[in-house]
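Here's the structure we're looking at; comments come further down.
The values are calculated or read from the model by the stated rules, or taken from the named source; none is laboratory data. Computed from a predicted structure; not experimentally measured. Every residue, glycine among them, receives a Cβ derived from its backbone with ideal geometry; neighbour counts consider all protein chains shown. Note: accessible area is taken over every heavy atom of the protein model, side chains too, but ligands, DNA and RNA are not part of it. Shrake-Rupley method; radii C 1.70, N 1.55, O 1.52, S 1.80 Å.
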Amino acid sequence: MINTWLKKIKYVWYASYGSNLNRDRFLCYINGGKPKGSEKIEVGCRDRSLPLKEATYIMHYPLYFAKASDRWQKQGVAFIGLEKDKKHHTYSRKYLITVEQFMDVVKQENNGAILDMDLNEIMKRGSKTLKDSWYGTILYLGEKNGYPIFTFTADFDLDVPFNKPSKEYLGMIINGLKTTLKLENTDVVNYISSKPGVVGNYNRKDIEKLIELD
């Protein structure tokens with residue numbers, strides 16, 4: 001059933017919870033280019049068509065910041081845990097893109113590594129680690145309007161030291177929360193200030209200042 005369904009469709013929802021909440025940053029994965037604040041020029045997708053649709057999407061997985069990214073001042077970046085729990089409300093933006101584009105985005109997030117991705121299998125299993133890398137685990141989140149929803153994260157599932165994200169990286173997420181998801185400033189502060197990796201490194205006033213810079 002799933003195999004037949006997936007063969008008939010050309011599009012999937014990619015749900016982003018990190019810097020790709022910012023539409024301009026995400027489009028650098030589509031068109032190529034260097035996002036504001038980033039240290040890396042992205043190569044873009046083979047197919048540079050814009051997303052057919054976009055929408056806000058709530059993930060019931062915990063958001064946290066860890067590792068040290070060369071893209072973002074060698075500081076922490078966003079991941080989600082692997083255990084679904086209704087108490088978690090992680091904001092994301094989902095983009096309806098082609099299957100090929102989704103695979104190209106995953107490739108870029110994994111520093112050009114080509115991953116053997118069978119979306120049919122991932123849908124059956126719910127998730128699969130394709131590569132022991134930061135964004136080598138693909139999650140199937142369900143479907144909306146007849147299209148499957150996927151995202152990606154790491155396989156370490158919070159079992160890793162949290163790390164402070166850079167101001168540039170947080171600023172990109174904040175911009176996405178405000179301009180794409182239309183959150184009010186207080187909601188942005190409440191949301192960001194509670195996340196592992198941010199707690200203890202930024203206080204509420206620090207986040208308010210980042211919002212003012214946006």
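The residue list L21, L63, L82, L96 contains one member that is modelled with pLDDT of 95 or more, open to solvent by 30 Å² or more (accessible area, probe 1.4 Å) and hydrophobic (A, V, I, L, M, F, W, C), which is L82.
Can you tell me which residue among V105, V77 is open to solvent by less than 70 Å² (accessible area, probe 1.4 Å), part of a strand (DSSP E or B) and in contact with a helix residue (DSSP H, G or I) (Cβ under 8 Å, 6 or more places away or on another chain)? Spell out the reasoning first.
Details: V105 fails: part of a strand (DSSP E or B).
Exactly one of V105, V77 is open to solvent by less than 70 Å² (accessible area, probe 1.4 Å), part of a strand (DSSP E or B) and in contact with a helix residue (DSSP H, G or I) (Cβ under 8 Å, 6 or more places away or on another chain), namely V77.
Just the residues that are in a helix (DSSP H, G or I), exposed (fewer than 15 other Cβ atoms within 10 Å of the Cβ) and acidic (D, E), please, taken from the range 184-207. Within the range 184-207, just D187 meets the criteria. Selection of the range 127-164 for residues being among the hydroxyl-bearing types (S, T, Y) and touching a Pro at 6+ places or on another chain (Cβ under 7 Å) yields only Y140. For the criterion of being modelled with pLDDT under 95 and either out of contact with any strand residue (DSSP E or B) (no Cβ under 7 Å at 6 or more places or on another chain) or assigned to a strand (DSSP E or B) (or both), R46 fails. Every condition in (1) touching a Cys at 6+ places or on another chain (Cβ under 8 Å); (2) surrounded by fewer than 21 Cβ atoms within 10 Å (Cβ to Cβ) holds for D70 except the one numbered (1). Tell me, yes or no, whether the range 159-175 has at least one residue that is open to solvent by less than 10 Å² (accessible area, probe 1.4 Å), under 19 Å from L82 (Cα atoms) and either touching a residue at least 40 places away in the same chain (Cβ under 8 Å) or aliphatic (A, V, I, L, M) (or both). No, because not a single residue in the range 159-175 is open to solvent by less than 10 Å² (accessible area, probe 1.4 Å), under 19 Å from L82 (Cα atoms) and either touching a residue at least 40 places away in the same chain (Cβ under 8 Å) or aliphatic (A, V, I, L, M) (or both). Within the range 102-134, the set of residues being in contact with a strand residue (DSSP E or B) (Cβ under 8 Å, 6 or more places away or on another chain) and touching a residue at least 40 places away in the same chain (Cβ under 8 Å) comprises F102, V105, V106, Q108, E109, L119, M123, S127, W134.
If you go through the range 193-203, how many residues are within 23 Å of the chain's Cα centre (by Cα) and more than 19 Å from L158 (Cβ to Cβ)? Result for the range 193-203: 1.
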